[in-house]
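Notes follow once the structure below has been shown.
The values are calculated or read from the model by the stated rules, or taken from the named source; none is laboratory data. None of the values given here were measured: they were computed from a predicted structure. Positions of Cβ are generated from backbone atoms using ideal geometry, with glycine treated the same way; all protein chains shown enter the neighbour counts.
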Amino acid sequence: MSTQIEGVFPHDLLSYDDVELLPKRLQPAIEGLIPIWHSYWGRLHPPKSGAELAWHIRIWGPVLSGLTPRQQWESGKGPMLFAPEATVETSPFHLILGRRCLFANMGVKWWWAMDCPARLYEVRDYFRWLASALDSSAFILYREDGGLTSDWVCQGMTLEEIEREKVKHGAKKAHDIDALRYSSKKILKTRYYRESLVGSSGAETR
């Protein structure tokens, strides 16, 4: 199966000025992401030496649209943040901004993490950090679903609304992170994991 690990995080971004600060705000996250990438991609895509490790804001979708990242934000759909190209040549990790939530693609395969608890916990811990950096009250970790969830993010849905849609489409909530390892191979019948963060000011309630 070629499905990847994805996640959804409520955010506290209110303006494009906030979006422009996001790369710097998320910069420390790279330290937690690189070990996961190297574990998965290391042999095929060694890190580039001497390159700057920095996030990049880019438009979401075709360049030919003529929209700028600011215009996409103002429309409520986009832009994207790409993780540093210096870490792996394919730069697989990216974030897509919606008006209320942020969609994250890990760039690593679901079953790679499901086969080893340590890998799954590393991804979970990274998502915890990302949620904390975004001041999110919770996050959802799940298996790639053909773009359904990223579409819901770009439609401006809240985390609660997205979770309801996932359940409506056949997803089952896992009672803990380990239960994900027993998910069905069928995409729409897989489990997802939701975790609440203690001490967050709660971007989800915005």
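Values for this structure:
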item: Strands (runs of 3 or more DSSP E) fully within the range 92-163 counting 1 or more residues that are polar (S, T, N, Q) and in contact with a His (Cβ under 8 Å, 6 or more places away or on another chain); result: 101-109
item: Residue check for residue 19: of a type in the set (Val, Ile, Thr), at pLDDT 90 or above and surrounded by 13 or more Cβ atoms within 10 Å (Cβ to Cβ); result: yes
item: Residue, surrounded by the fewest Cβ atoms within 10 Å (Cβ to Cβ), within the range 121-145, restricted to residues that are among the acidic types (Asp, Glu) and at negative phi; result: 125
item: Any hit, the range 185-199, residues being assigned to a helix (DSSP H, G or I) and either at pLDDT 95 or above or in contact with a Leu (Cβ under 7 Å, 6 or more places away or on another chain) (or both); result: no
item: Selection within the range 146-173 - over 26 Å from residue 25 (Cα atoms), surrounded by fewer than 20 Cβ atoms within 10 Å (Cβ to Cβ) and more than 13 Å from the chain's Cα centre (by Cα); result: 146, 148, 161, 164, 165, 167, 168, 169, 170, 172, 173
item: Pick from the range 60-80, criterion hydrophobic (A, V, I, L, M, F, W, C) and at pLDDT 90 or above, ranking: farthest from the chain's Cα centre (by Cα); result: 73
